[in-house]
Amino acid sequence: PVSIMWFRQDLRVKDNPALNAACDEGKIIPIYIYDDNAPDGRALGGASNWWLHHSLNSLNDRLNGHLKVFKGDPKALIPALMEAYEAKGIYWNRCYEPWQINRDKAIKKQLLDNEFEAHSSNGSLLWEPMKVLKKDGTPYRVFTPYYRKGCLNVEPPRYPQAPPARITYADVDDSKNSKTYRPCGIDALNLLPSLDWDSEFKNHWKPGEDGAADNLQNFIEHSARKYKDARDIPSMNGTSHLSPHLHFGEVSPNQAWYAIKDRFETTEDKSIDTYLSELGWREFSYYLLYHFPTIPNKNFNDKFDKFNWRRDAKSLKAWQKGQTGIPIVDAGMRELWQTGYMHNRVRMIVGSFLVKNLLISWHEGERWFWDCLVDADLASNTAGWQWVAGTGADAAPYFRIFNPLLQGEKFDKQGKYVRKYCPELADLPDKYIHKPWDAPPVIAKDAGVHLGDNYPKPIVDLKASRQRALDAFQALKE
Ligand code: FAD
């Protein structure tokens, strides 16, 4: 029998449960569909499209050029392809975005009604959300009990599977398919940006299964033991840089989990436990999205629905372009623009600055990240922004407002990170690198820093804007 293997957010050959199951059945036809029917605002952003282009090419190489790439609505395409290819069944790994769940349910029903087989597997989570509930049958809302009690205490994650011993491809002739159902190929998807924005991306990333394996290996060899402290220092290469690879499924969380577990005794040092719990935060984000599917669009804590966010296009633009005059914020926003990534600590700092110092809605930040991050992920991005805004489950309380100066001085002591992304400040002494406005005129002049000329003056007063945020929160409480 012939089966269709539908690749989605699992662009890998190793530890791919759906691919293994399809290969066990017999010959396969591997396909990818660029779904142009995604709901408003959920089509892939620019950086994700760049990644996808390269990741599909890498997967196609692994499959010896057999990947068939389509563009269209899977609800229409899949039944048509099942007929055209005379397939008995289709295999996929589950996705957890609410709109994809609905789409997949509809496809499954349609196929089963027409006597095709449809098999779905878990290829991207350590613990599937529907299986983890509190004793009273309701979902957890707080990370620690969710992770420690609901997950770790109940069941260890599945051990990674070996890749299929052999992949046999079915011979199919696409010329017989109606034109709308013919594969278009990767290039025809036009995923690369038209302006020259991505030139730096390739110096930072290698999309695909090999790139994912390299990052995991490098992390294990060089950074894992130091993770607990190094993960907070943006100028260090202290984290695994696996997030886009995990998002596109070029590595499974199970592979990452057990690569770490098998290599280190977890009791050996705190770093290993901390790293595993970060994978746990990814799980928790998917868990929240699954159980509370409105959270990409609505505050988890609906008290904030009445909050009076400011509309301020000029400040928003300054934030997006890394021109706020607050060095650590600008460095982060420029890292994002240049590399498609931002360090986690700095995501929290720029997020807090947008939502609290500028009082601009977290949705604006979420949308900008969605377009610019190579790891843009509905679950983690939504959870991250709601956490930062104080509107989320298990979030930082609203009144905890990051002070970007203190954050900079603590986590980027010598200003290495700021100097890298804000080269116009590079010659300032350490003492002033996070607050160039305090530098005496001779020192600023010596360093070539001319505020308001080659680097902006701060667009808000940090102290006053902090108080404004606290007052706005107080008003909401009353
Ligand atoms: P590591 O420190 O090496 O962690 C390993 C893995 O654990 C990561 O790859 C990631 O999958 C997971 N992880 C780590 N921290 C978190 C976290 N706080 N929440 C969820 N998963 C986590 N992550 C995304 O993958 N996509 C996003 O769109 C995204 N948006 C964010 C927005 C905001 C405002 C914030 C504060 C955080 C966001 N994060 C997002 C989480 C986090 O910043 C990134 O996962 C992390 O920086 C990726 O780098 P890394 O792979 O080197 O992480």
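None of the figures in this text is laboratory data; all of them are computed from the coordinates on show. Since the structure is predicted, the reported quantities are computational estimates derived from the model, not experimental observations. Here the Cβ is made from the backbone with ideal geometry for all residues, glycine too, and neighbour counts use every protein chain on show.
The figures follow:
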| item | result |
| --- | --- |
| Whole-Å distance, taken between Cα centres, linking the stretch 195-257 and the stretch 415-453 | 31 Å |
| Net length gained if the chain between Asn454 and Arg148 were fully extended (0.36 nm per residue, minus Cα distance) | 105.2 nm |
| Label-to-label distance, nm, for residues given as Ala106 and Asn308 (7 Å Cα→Cβ offset) | 4.1 nm |
| Tensor-based shape of the stretch 1-123 (alpha-carbon gyration tensor, a/c under 1.5 rounded, otherwise prolate or oblate) | oblate |
| Nearest-20 debye value, the stretch 322-374 charge dipole, Cβ charges on Lys, Arg, Asp, Glu | 140 debye |
| Reachable lysines, given that their alpha-carbon falls under 25 Å from the alpha-carbon of Lys356 and they are not under 8 places away in the same chain | Lys298, Lys303, Lys306, Lys314, Lys317, Lys321, Lys410, Lys413, Lys435, Lys457, Lys463, Lys477 |
| For the stretch 302-477, alpha-carbon Rg over 2.2 N^0.38 Å | 1.02 |
| Sites matching GluC sites (Glu not before Pro) across the stretch 229-271 that sit in DSSP coil, with at most 14 neighbouring C-beta atoms within 10 Å | Glu265, Glu268 |
| Label-point separation in nm, Ala475 to Asp61, each point 7 Å along Cα→Cβ | 5.6 nm |
| Principal axes of the chain: Cα extent on each, largest first, Å | 78, 52, 47 |
| Contour excess over end-to-end distance, with Cα ends at Ala426 and Thr294 and 0.36 nm allotted per residue | 43.1 nm |
| Relative packing of 422-431, 18-27, which averages over residues the other C-beta atoms within 10 Å, highest first | 18-27, 422-431 |
| The stretch 71-144 - charge dipole about Cα centre, Lys and Arg +1 at Cβ, Asp and Glu -1, debye rounded to 20 | 440 debye |
| Spacing of the two label points (7 Å from each Cα toward its C-beta) at Glu155 and Thr138, in nm | 2.4 nm |
| Farthest positive-ward along the chain dipole, Cα basis, beta-carbon charges - from Thr180, Gln467, His204 | Gln467 |
| Options Asn190, Ala106, Ala213, ranked by Cα towards positive dipole end of the chain, top entry (Cβ charges) | Ala106 |
| Sparse-neighbour loop sites [trypsin sites (Lys or Arg not before Pro); the stretch 80-168; at most 12 other C-beta within 10 Å; DSSP] | Lys135, Arg166 |
| 222 nm mean residue ellipticity, helices alone, for the chain (DSSP H n ≥ 4; -39,500 (n - 2.57); rounded to 500) | -12500 deg cm²/dmol |
